[in-house]
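Every number in this text was worked out from the coordinates using simple rules, so none of it is lab data. Values in this document were obtained by computation on a predicted structure and should not be read as measured data. So basically every Cβ, Gly included, is an ideal-geometry build from the backbone, and we count neighbours across all protein chains shown.
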Amino acid sequence: MSRFSGALQLTDLDDFITPSQECIKPVMIDKTKSKTGAKITVQADGYYEQSESGKQKLQKVEITLQDCLACSGCITSAEGVLITQQSQEELLKVLRENQTLKASGDNDQVRTIVFSISVQPLLSLAHRYELSVEEASRYLAGYLRQLGADYVLCTKIADDLALLECRQEFVERFRDNAELVMLSSSCPGWVCYAEKTHGNFILPHIATTRSPQQIMGVLVKQLLAEKLGVPGSRIYHATIMPCYDKKLEASREDFYSEVNGSRDVDCVITSIEVEQMLQAEEQTLQQFEPSDIDWPWTDQQPEFTVWAHEATMSGGYAEHIFKYAAKELFSKETPNELQFKALRNRDFSEISLEKDGKSLLKFAIANGFRNIQNLVQKLKRGKGPGYHFVEVMACPSGCINGGAQVRPTTGQHVRELTQQLEELYKQLPRSNPDNTYTKQIYTDFLDGAHTDKASELLHTSYHAVEKLNTALNIKW
């Protein structure tokens with residue numbers, strides 16, 4: 001499906017993209033950064049792991065549609081090797097080893113265990129265990145502390161920083177070239193697909209602002225490490241996310257810090273995996289002693305720890321940036337809650353700012369690969385989609401019911417579950433990214449807004465992936 005007629009409009013493509021006909025060439029990467037001390041090498045006949053116990057050939061990765069939504073087909077072998085380090089088994093192994101080191105008094109080897117929780121998994125787990133979202137956050141924090149967590153954080157501060165950076169990036173791009181549509185970058189499934197399928201053509205359109213997960217990684221491995229007086233390499237940072245593709249994102253070489261000698265995020269666990277871990281022990285969240293979410297960024301604890309970012313369910317990028325750009329670029333005030341107009345399906349909507357019949361700003365939200373494909377094809381035909389900014393998410397309905405959220409109960413339609421999760425989200429207090437906490441982060445850690453340090457730590461780059469000129473019939 002990679003080459004379309006210019007007139008083709010996709011209407012019956014499944015929202016979760018089907019395996020591609022094109023094989024992605026594995027990238028040769030020296031993996032000397034494993035926490036286990038192993039070294040992964042690439043040889044003509046495959047991948048080998050060299051550790052203290054000897055040399056062992058790694059099995060070819062097998063991935064199902066449940067495991068990965070992102071790839072325009074198959075995941076590369078190198079990425080597959082990295083994903084094995086992102087499993088619940090690996091997480092539990094690290095936690096057990098750390099507990100053993102603590103018990104033995106070997107403090108030189110003990111790591112500080114930090115968990116960062118995104119809001120969408122809290123919604124999913126709250127629904128699964130019939131709790132309020134705040135209750136789910138406190139029970140989950142208690143469960144993670146029982147597993148061995150030293151700090152349990154929410155990603156709110158990183159969500160806020162991502163919005164602040166992305167809105168400023170849009171304004172700067174718009175002033176430089178208002179015709180160049182900017183596409184959001186917080187969804188790793190979309191970014192992975194763009195790099196592998198459309199490469200250098202699409203990459204200039206994608207925002208360079210890091211996702212909240214990776215901004216959180218910087219805050220934990222650098223700012224929190226500095227506050228605790230420990231090297232970033234001695235912090236084991238795990239995140240709980242609504243998406244399997246966050247594992248791929250955390251494994252990117254761009255997010256390995258040479259300064260710290262470690263990845264910003266060491267392990268990603270999804271909502272489904274939390275449920276599986278509890279089921280394996282025949283437990284529920286309510287069985288654990290509830291605990292508060294930590295807030296180490298300032299001495300003042302906020303009233304709430306779980307927040308909504310605008311009314312949209314995937315971080316609020318389109319809504320927040322539209323409001324900011326309308327005021328910053330055109331001195332126009334907008335309603336507190338914007339009304340996006342749904343177009344050909346519920347996962348594609350748009351909004352415009354108009355004056356005297358002329359469109360000043362036109363934004364859209366495109367969820368699911370059916371809409372993504374149509375959007376990209378319009379760009380490729382050179383006609384342009386007519387938008388200044390598009391919030392792009394690989395999953396239908398966006399992150400609120402991502403591919404790694406807890407699945408519907410027997411007989412329940414996924415749309416009904418999504419609506420229930422949306423209702424939970426609407427009950428949360430709204431976050432204002434322009435708050436004292438983010439201002440303090442900019443002042444104390446990033447040397448101010450719009451500085452070289454802020455640009456280095458809160459932004460990233462993308463890379464087109466070379467493809468083989470062969471076509472394979474891949475079967476899942």
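Sorting 120-129, 435-444 by their mean Cβ neighbour count within 10 Å, with the most densely packed peptide first, gives 120-129, 435-444. Protection proxy ranking for 131-138, 153-160, 106-113, using the average of other Cβ atoms within 10 Å per residue and placing the highest first: 153-160, 131-138, 106-113.
Evaluating 6.51 cos²θ - 1.76 cosθ + 1.60 at θ = phi - 60° for every residue in region 228-241, the Karplus couplings come out as 7, x, 10, x, x, 5, 8, 9, 9, 10, 10, 10, 10, 10 Hz, glycine and proline recorded as x.
Shown in residue order for region 108-123 are the 3J(HN,Hα) couplings computed by the Karplus curve 6.51 cos²θ - 1.76 cosθ + 1.60 at θ = phi - 60°: 5, 10, 5, 9, 8, 8, 10, 10, 10, 10, 7, 5, 5, x, 5, 4 Hz (x for Gly and Pro).
Spin-label pair residue 304-residue 413: with each label point 7 Å from Cα along the Cα-Cβ axis, the two points sit 3.0 nm from one another.
With the simple spin-label model, which puts each label point 7 Å out from Cα in the Cβ direction, the residue 444 to residue 87 separation comes to 4.0 nm.
With the cut-off at 19 Å, tell me which of the pairs 221/247; 247/426; 196/247; 55/247; 156/426; 156/439 have Cα atoms farther apart than that.
Exceeds cut-off: 247/426; 55/247.
Ranking 143, 212, 164 by Cα position along the charge dipole of region 117-268, where only Lys, Arg, Asp and Glu carry charges on their C-beta atoms, puts 143 farthest toward the positive end. Note on region 295-444: dipole from Cβ charges, positive end direction compared against 352, 392, 376; the farthest Cα belongs to 376. Could you pull out every residue, at least 5 positions away or on a different chain, whose amide H is within less than 5 Å of the one on residue 360? Hs are placed 1.01 Å off N in the peptide plane, and Pro or chain starts have none. Answer set, sorted by chain and number: 353, 354, 355.
Using only side-chain charges placed at the Cβ, +1 for Lys and Arg and -1 for Asp and Glu, the dipole size of region 250-345 relative to its Cα centre rounds to 860 debye. Taking a ≥ b ≥ c as the square roots of the eigenvalues of the Cα gyration tensor of region 218-264, is the shape rounded (a/c under 1.5), prolate (a/b larger than b/c) or oblate? The shape class here is oblate. Relative to the current alpha-carbon distance between residue 230 and residue 339, full extension at 0.36 nm per residue lengthens the span by 34.6 nm. Karplus-derived 3J(HN,Hα) values for region 194-209, using 6.51 cos²θ - 1.76 cosθ + 1.60 with θ = phi - 60°, are 4, 5, 8, 9, 10, x, 4, 5, 8, 4, x, 7, 7, 4, 8, 4 Hz; glycine and proline are entered as x.
Label positions at residue 45 and residue 456, each projected 7 Å from the Cα along the C-beta direction, are separated by 4.5 nm. Ranked by the mean number of other Cβ atoms within 10 Å of their residues, highest first, the peptides 406-414, 374-382 come out as 374-382, 406-414.
Here is the list for region 331-361: trypsin sites (Lys or Arg not before Pro) lying in DSSP coil, each with at most 14 other C-beta atoms within 10 angstrom of its C-beta, are 344, 346. Given R0 = 30 Å, the distance between the Cβ atoms of residue 432 and residue 360 translates into a calculated FRET efficiency of 0.80. A straight chain from residue 282 to residue 463 at 0.36 nm per residue would run longer than the Cα-Cα distance by 60.8 nm. Sparse packing (at most 15 other Cβ atoms within 10 Å of the Cβ) combined with a DSSP loop state is found for the following GluC sites (Glu not before Pro) in region 201-285: 258, 281, 282. Taking amide hydrogens as placed 1.01 Å from N in the peptide plane, the amide H of residue 313 sits under 5 Å from that of no residue at least 5 positions away in sequence or on another chain. Take the alpha carbon gyration tensor of region 186-291, find the square roots of its eigenvalues, order them as a ≥ b ≥ c, and report rounded if a/c is under 1.5; if not, report prolate when a/b exceeds b/c, else oblate. Oblate, because a/c is 1.5 or more while a/b does not exceed b/c.
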